[in-house]
Amino acid sequence: MGGFQIGPRRGYWRQNDTTVNFLKCKNPAACTGTVLTIDGKRDIKTYNATGNCALGYYGAMCAGCIPGYFKTGEDCRECPDSSMDILRIIGMTFCAGGFVIMLVKGTMVSKTGKQSKNTHSVFIKIFMNHM
């Protein structure tokens, strides 16, 4: 092979194509090297003098996450489906509402075990206080 095109190996990155200083990436799996391997074969069309980043990573030393990914420690992971977040929020809202209702009913029961008469007005007052 040979030639004038040099670049970082897997796990390394460099600032530009003129420097000879190669920096070790904090997350070696994020820095894939100068030429990407596609289907087990090196693809020279993917040559990047500063080094390529793995899927989900970008930037200096491949330390940033692309849109649609989030950072956990040094890793970039794909964001979960937002529909699951909506279902979780709805579920937590119902649970919190049920918990508040249980607390209110528990405080409204007298020592004799009988419930006080003005339950609706108490519920409305508590609800208005939390808005």
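Structure values in brief
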item: Net charge over other residues, Cβ less than 15 angstrom from the Cβ of Thr50 (K, R count +1; D, E count -1); result: +3
item: Residues whose placed amide H lies under 5 Å from that of Tyr57, excluding near-sequence neighbours; result: Ile66
item: Projected label distance in nm at Val100 and Arg10, using a 7 Å step from Cα toward the beta-carbon; result: 5.5
item: Charge sum, other residues only, whose C-beta stays under 13 Å from Phe22's C-beta, Lys/Arg counted +1 and Asp/Glu -1; result: +3
item: Percentage relative contact order, the range 12-78, counting C-alpha pairs under 8 Å, at least six apart; result: 30
item: Gyration tensor verdict on the range 12-78 (Cα atoms; rounded if a/c is under 1.5, prolate if a/b is larger than b/c, oblate otherwise); result: oblate
item: Efficiency of FRET between Leu23 and Ser82 - r from beta-carbon atoms, R0 30 angstrom, step 0.05; result: 0.25
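A short reminder: the numbers here are calculations on the coordinates, not readings from a lab. The structure presented is a predicted model; accordingly, all values stated were derived computationally and were not measured. Cβ: placed from backbone, ideal geometry, glycine included. Neighbour counts: every protein chain shown.
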